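Engineer: First the structure, then my questions, so here it is.
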Amino acid sequence: MQRIKGRWRDLVLEELKELAREEYNLDPEQIDGAHLVISTPPEEKLGDLALPLFPYAKVLRNAPPKIAAQLCERVNAAAAAQELGTAETAGGYLNLRLNRDQLIEPALAEVFKAGEEYGRADTLNGVRTVVEFSCPNTNKPLHLGHLRNDALGESVSRILKFAGSEVRKVNLINDRGVHICKSMLAYRTFGEGATPESEGTKSDHFVGDYYVRYSQWEAEEPDAERQAKELLQRWEQGDPETVDLWLQMNRWAIDGIEETYKRTGVGFDAIYFESETYKAGRDEVLKGLERGVFYQAEDGSVWVDLTDIDLDQKVLLRSDGTSLYLTQDIGTAIQRHHDWPFERMIYVVASEQNYHFKVLFSVLERLGFNWARNLYHLSYGMVNLPEGKMKSREGTVVDADLLLDKLNEMAVSEITSKAREDEISDLHGTAERIALGALHYFLLQTSPNKDMVFDPAASLSFNGNTGPYLQYTCARISSILRKAEAAGIEPPSAESLPEDLAGLLAHADEWQLVKQLAVFPEVVAQAAEGLNPTVVTTYVYELAKAFSGYYHEVPVLRAESPEQVRARLALALAVRQVIANALRLIDVPFLERM
RNA sequence: GCGCCCGUAGCUCAGCUGGAUAGAGCGUCGGACUUCGAAUCCGCAGGUCGCAGGUUCGAAUCCUGCCGGGCGUACCA
């Protein structure tokens with residue numbers, strides 16, 4: 001589609017310049033091509049593409065409808081020569097109608113030929129991008145907020161890759177600090193040698209339970225906090241007993257969290273640990289201090305003054321010389337660029353840290369790293385509940401594993417209520433894929449920067465604009481294909497597409513679908529540019545909806561001729577391929593049956 | 001106080017690098033299963049795009065102010 005749009009645009013622009021020269025005595029250079037944008041008419045019957053001509057009224061000193069009329073005549077003559085299609089006017093618009101032969105066959109052939117690769121764009125070819133996301137604490141299991149983060153990070157990474165970028169997904173495990181010591185302290189005090197195995201508890205939940213236990217204990221034990229801080233000191237001093245306990249509990253926490261990653265299809269190319277990087281920023285800060293980028297206060301603390309760019313003065317090293325969160329992020333960024341020199345690094349982190357990243361990026365720039373200009377904070381909004389914010393103190397935090405279990409149960413009962421258990425080979429596995437589809441689609445449907453409301457009861461229905469709806473559309477197409485094969489129809493493939501596809505697919509819905517398929521690579525490029533999976537969710541839903549309406553109205557296997565059956569089958573398979581490719585980008589599993 | 005973000009149908013959300021009559025799902029109401037799977041399809045109703053100005057041939061989209069909400073403004077992370 002991109003190619004066809006480009007040809008039309010070139011053609012129209014040339015004719016517009018000619019028109020300006022011949023009819024208006026203007027230098028063609030005065031026609032600014034930047035104003036010539038191709039859009040889509042509001043209604044199908046108006047045409048396939050639209051070009052508003054209003055911007056040229058001023059330079060041509062004529063009314064847009066008149067310009068459109070003059071231009072239309074010329075464009076039609078030129079387009080006919082290239083067999084591109086026809087143009088017509090509607091007010092100040094020049095509307096274009098494409099020659100269907102030029103799109104239908106090439107577009108479907110391309111989908112079949114490229115298969116899983118169809119839609120790949122090249123807009124980011126060669127760009128090395130680091131995407132940091134998830135970044136869990138090792139004192140409790142993942143919750144709904146992490147799920148949004150993970151879905152975004154994973155999806156954006158896949159989208160960037162599909163747009164040609166070389167992507168390295170990284171995680172930063174927050175495995176140090178006083179909050180970690182709190183669950184350690186509670187375990188040491190109350191654990192009595194219990195293990196996740198002995199309790200039959202998922203290991204990260206096991207650790208989280210002790211963090212909760214600490215909070216309860218803290219309420220009645222005034223000395224609790226002091227003990228936690230003391231434990232942190234012992235850890236920093238490398239006390240063997242403390243370090244052993246820390247290693248053990250971190251292992252439990254991380255093992256459990258990794259189980260959840262595996263369950264949700266999330267993965268990383270490199271994992272960083274704060275316990276290993278938290279001192280790394282120190283040296284960089286001290287170097288910066290020597291070079292006069294930072295300054296030292298009387299008490300020994302080191303500061304950066306960002307007031308000249310309307311930020312504050314921030315502490316980079318405490319008066320006792322220890323690192324802060326910001327310090328460690330400086331070190332981590334530098335280390336990552338050293339490990340794998342990147343052009344861009346994207347941090348997927350909640351919007352509450354907007355200020356933090358402004359400061360971080362400014363500091364790195366002041367330290368003279370030229371790559372610092374290409375750091376980007378992909379900020380996303382809070383996930384709230386219908387009752388309001390999630391609060392750990394009130395126990396309203398939605399646990400990731402429990403949510404997935406709940407969704408799985410719902411999917412199982414949906415399948416059994418339709419008496420479809422016998423149709424699918426793996427009930428639990430299928431339910432799990434439906435659950436994931438529902439969850440990820442839901443989380444990615446809202447633009448990242450916006451807060452969202454998560455209603456567990458209503459919002460994760462499997463009907464309507466949902467992940468399972470998309471999976472269902474694919475399952476239906478798969479079902480049609482199975483029926484065709486059973487009937488001895490040779491399924492269309494890249495090597496054996498029916499002749500005269502354009503002639504056989506003459507229905508208005510078929511034309512609409514082909515146009516939607518053809519535009520997918522542009523959708524990918526747009527999603528990549530905007531770092532926005534919502535572009536994909538919106539697109540794939542519209543495609544599935546269009547196909548659902550189509551196959552209800554137009555029979556595939558009972559078409560008028562065997563050739564037409566194969567043509568419609570080819571279209572259906574192409575639609576399934578594109579939906580599947582799009583689903584992969586938003587981490588929604590594809591299903592043949594459900 | 002200051003800074004950043006958000007405000008679109010009863011609810012949840014698209015649309016925002018300006019373009020034709022603002023879209024979807026849920027919910028309400030009404031239709032379609034002896035016919036490729038009804039997790040589906042078709043239809044009705046539902047809007048001062050928070051308010052007020054401004055820029056423009058044209059504003060949900062850009063600018064300013066105000067109102068409402070969120071987040072931040074730690075030698076926490």
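The values are calculated or read from the model by the stated rules, or taken from the named source; none is laboratory data. Only a predicted model underlies this, so the values are computations on that prediction, with no experimental measurement involved. Counting neighbours? That spans all protein chains shown, and the Cβs are built from the backbone with ideal geometry, glycine included.
Engineer: Would you check which residues across region A:425-463 are exposed (fewer than 13 other Cβ atoms within 10 Å of the Cβ), part of a helix (DSSP H, G or I) and near RNA strand B (Cβ under 7 Å from one of its atoms) and list them?
Structural biologist: Matches in region A:425-463: none.
Engineer: Look at A:Leu378 and say whether it is within 21 Å of the chain's Cα centre (by Cα) and of a type outside the set (Val, Ile, Thr). Explain how you work it out, then say what you get.
Structural biologist: Values: within 21 Å of the chain's Cα centre (by Cα): yes; of a type outside the set (Val, Ile, Thr): yes.
When the stated conditions are applied, A:Leu378 passes them.
Engineer: Regarding A:Gly300, is this residue within 8 Å of RNA strand B (Cβ to nearest atom), over 24 Å from the mean Cα position of the chain (by Cα) and outside any helix (DSSP H, G or I)? Spell out how you get there, then give the answer.
Structural biologist: Details: within 8 Å of RNA strand B (Cβ to nearest atom): yes; over 24 Å from the mean Cα position of the chain (by Cα): yes; outside any helix (DSSP H, G or I): yes.
Against the criterion (within 8 Å of RNA strand B (Cβ to nearest atom), over 24 Å from the mean Cα position of the chain (by Cα) and outside any helix (DSSP H, G or I)), A:Gly300 qualifies.
Engineer: Could you say whether any residue in region A:566-576 is modelled with pLDDT of 95 or more and away from RNA strand B (no atom under 14 Å from the Cβ)? I'd like the intermediate steps shown before the answer.
Structural biologist: Taking region A:566-576 first, the residues modelled with pLDDT of 95 or more are A:566-576.
With away from RNA strand B (no atom under 14 Å from the Cβ) added as a condition, the list becomes A:574.
Yes.
Engineer: Report whether or not A:Glu553 is at pLDDT below 95, of a type in the set (D, E, K, R) and under 30 Å from A:Ala411 (Cβ atoms). Before you say what the answer is, go through the steps one by one.
Structural biologist: Details: at pLDDT below 95: yes; of a type in the set (D, E, K, R): yes; under 30 Å from A:Ala411 (Cβ atoms): yes.
In short, yes.
Engineer: Can you list residue pairs whose Cβ atoms sit under 7 Å apart, with the first residue in region A:315-334 being closer than 18 Å to A:Val170 by Cβ and the second being near RNA strand B (Cβ under 7 Å from one of its atoms) and of a type in the set (D, E, K, R)? Count only pairs 6 or more apart in sequence or on different chains.
Structural biologist: Close Cβ pairs (under 7 Å, with a partner that is near RNA strand B (Cβ under 7 Å from one of its atoms) and of a type in the set (D, E, K, R)) amount to A:Gln328/A:Glu274.
Engineer: Also, quick follow-up: Has region A:2-15 got any residue that is farther than 24 Å from A:Ala121 by Cα and within 14 Å of RNA strand B (Cβ to nearest atom)?
Structural biologist: yes
Engineer: Same structure, new question: Under 8 Å by Cβ, and 6 or more places apart or on different chains, what pairs join a residue from region A:467-480 that is in the same structural domain as A:Thr537 (by TED's automatic domain parsing) and under 8 Å from A:Ala544 (Cβ atoms) with one that is within 8 Å of RNA strand B (Cβ to nearest atom) and part of a helix (DSSP H, G or I)?
Structural biologist: A:Tyr469/A:Tyr541; A:Tyr469/A:Ala544; A:Leu470/A:Tyr541; A:Leu470/A:Ala544; A:Thr473/A:Ala544; A:Thr473/A:Ser548
To keep it simple, each residue is scored yes or no on (1) crowded, with 22+ Cβ neighbours inside 10 Å; (2) closer than 26 Å to A:Asp122 by Cα; (3) of a type in the set (Asp, Glu).
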| position | (1), (2), (3) |
| --- | --- |
| A:Gly153 | yes, yes, no |
| A:Ala163 | yes, yes, no |
| A:Glu166 | no, yes, yes |
| A:Val170 | yes, yes, no |
| A:His179 | no, no, no |
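Engineer: If you take the residues in region A:152-200 that are in contact with a Phe, Trp or Tyr (Cβ under 7 Å, 6 or more places away or on another chain) and of a type in the set (Lys, Arg), which one is nearest to A:Glu236 (Cα to Cα)?
Structural biologist: That would be A:Arg176.
Engineer: In region A:310-328, what count of residues is obtained for those that are surrounded by 14 or more Cβ atoms within 10 Å (Cβ to Cβ), among the charged types (D, E, K, R) and more than 15 Å from A:Arg366 (Cα to Cα)? Break it down stepwise before answering.
Structural biologist: Step one: filter region A:310-328 for residues surrounded by 14 or more Cβ atoms within 10 Å (Cβ to Cβ), giving A:311, A:314-318, A:323-328.
Cutting the leftovers down to among the charged types (D, E, K, R) gives us A:314, A:318.
Narrowing the set further to residues that are more than 15 Å from A:Arg366 (Cα to Cα) leaves A:318.
Residues in region A:310-328 being surrounded by 14 or more Cβ atoms within 10 Å (Cβ to Cβ), among the charged types (D, E, K, R) and more than 15 Å from A:Arg366 (Cα to Cα): 1 in total.
Engineer: For residues that are of a type in the set (S, T, N, Q) and surrounded by 14 or more Cβ atoms within 10 Å (Cβ to Cβ), scanning just region A:189-216, find the one that is nearest to A:Thr138 (Cα to Cα). Please lay out each step first, then the result.
Structural biologist: Here is the first cut: in region A:189-216, the ones of a type in the set (S, T, N, Q) are A:189, A:195, A:198, A:201, A:203, A:215-216.
Adding the requirement that they be surrounded by 14 or more Cβ atoms within 10 Å (Cβ to Cβ) leaves A:189, A:201, A:203, A:215.
Values: A:Thr189: 19, A:Thr201: 16, A:Ser203: 11, A:Ser215: 16 Å.
Once the filter is applied, the top-ranked residue is A:Ser203.
Engineer: Evaluate the following for A:Ser323: is it in contact with a Lys or Arg (Cβ under 6 Å, 6 or more places away or on another chain), of a type in the set (Gly, Ala, Ser) and near RNA strand B (Cβ under 9 Å from one of its atoms)? Step through it out loud before you land on a result.
Structural biologist: Numbers: in contact with a Lys or Arg (Cβ under 6 Å, 6 or more places away or on another chain): yes; of a type in the set (Gly, Ala, Ser): yes; near RNA strand B (Cβ under 9 Å from one of its atoms): yes.
Against the criterion (in contact with a Lys or Arg (Cβ under 6 Å, 6 or more places away or on another chain), of a type in the set (Gly, Ala, Ser) and near RNA strand B (Cβ under 9 Å from one of its atoms)), A:Ser323 qualifies.
Engineer: List pairs: first in region A:271-293 and in contact (Cβ under 8 Å) with a residue 40 or more places away in the chain and under 13 Å from A:Val363 (Cβ atoms), second of a type in the set (Ser, Thr, Tyr) and not in a helix (DSSP H, G or I), Cβ under 9 Å, 6+ apart or cross-chain?
Structural biologist: Qualifying pairs under 9 Å: A:Gly281/A:Ser323; A:Val285/A:Ser323.
Engineer: Give region A:464-489 a look and list any residue that's touching a helix residue (DSSP H, G or I) at 6+ places or on another chain (Cβ under 7 Å), near RNA strand B (Cβ under 8 Å from one of its atoms) and either in a loop (DSSP other than H, G, I, E, B) or under 12 Å from A:Met410 (Cβ atoms) (or both), or say none.
Structural biologist: Hits for region A:464-489 are A:Asn465, A:Thr466, A:Pro468.
Engineer: Which members of region A:8-62 meet the condition of being exposed (fewer than 15 other Cβ atoms within 10 Å of the Cβ) and in contact (Cβ under 8 Å) with a residue 40 or more places away in the chain?
Structural biologist: Hits for region A:8-62 are A:Glu23, A:Glu44.
Engineer: Another question, if that's okay. Specify the residue that is farthest from A:Tyr261 (Cα to Cα); the eligible residues are those in region A:376-424 that are small (Gly, Ala, Ser) and assigned to a loop (DSSP other than H, G, I, E, B). Show your work before the answer.
Structural biologist: Filtering region A:376-424 for residues small (Gly, Ala, Ser) gives A:379, A:381, A:388, A:392, A:395, A:400, A:411, A:413, A:417, A:419.
Subsequent filtering for residues that are assigned to a loop (DSSP other than H, G, I, E, B) retains A:381, A:392, A:395, A:419.
Details: A:Gly381: 21, A:Ser392: 22, A:Gly395: 23, A:Ala419: 31 Å.
It comes out as A:Ala419.
Engineer: Go through region A:89-109 and give me each residue that's assigned to a helix (DSSP H, G or I) and either out of contact with any helix residue (DSSP H, G or I) (no Cβ under 7 Å at 6 or more places or on another chain) or surrounded by 17 or more Cβ atoms within 10 Å (Cβ to Cβ) (or both).
Structural biologist: A:Gln102, A:Leu103, A:Ile104, A:Glu105, A:Pro106, A:Ala107, A:Leu108, A:Ala109
Engineer: Something else: When you check A:Thr307 against the structure, is it more than 10 Å from RNA strand B (Cβ to nearest atom), surrounded by fewer than 20 Cβ atoms within 10 Å (Cβ to Cβ) and farther than 21 Å from A:Ser379 by Cα, yes or no? Give the derivation first.
Structural biologist: Details: more than 10 Å from RNA strand B (Cβ to nearest atom): yes; surrounded by fewer than 20 Cβ atoms within 10 Å (Cβ to Cβ): yes; farther than 21 Å from A:Ser379 by Cα: yes.
It is true that A:Thr307 is more than 10 Å from RNA strand B (Cβ to nearest atom), surrounded by fewer than 20 Cβ atoms within 10 Å (Cβ to Cβ) and farther than 21 Å from A:Ser379 by Cα.
Engineer: Could you tell me whether A:Ser413 is surrounded by fewer than 17 Cβ atoms within 10 Å (Cβ to Cβ), near RNA strand B (Cβ under 10 Å from one of its atoms), more than 22 Å from A:Glu542 (Cα to Cα) and at pLDDT 95 or above?
Structural biologist: Working: surrounded by fewer than 17 Cβ atoms within 10 Å (Cβ to Cβ): yes; near RNA strand B (Cβ under 10 Å from one of its atoms): yes; more than 22 Å from A:Glu542 (Cα to Cα): yes; at pLDDT 95 or above: no.
No; evaluated as a whole, the condition is false for this residue.
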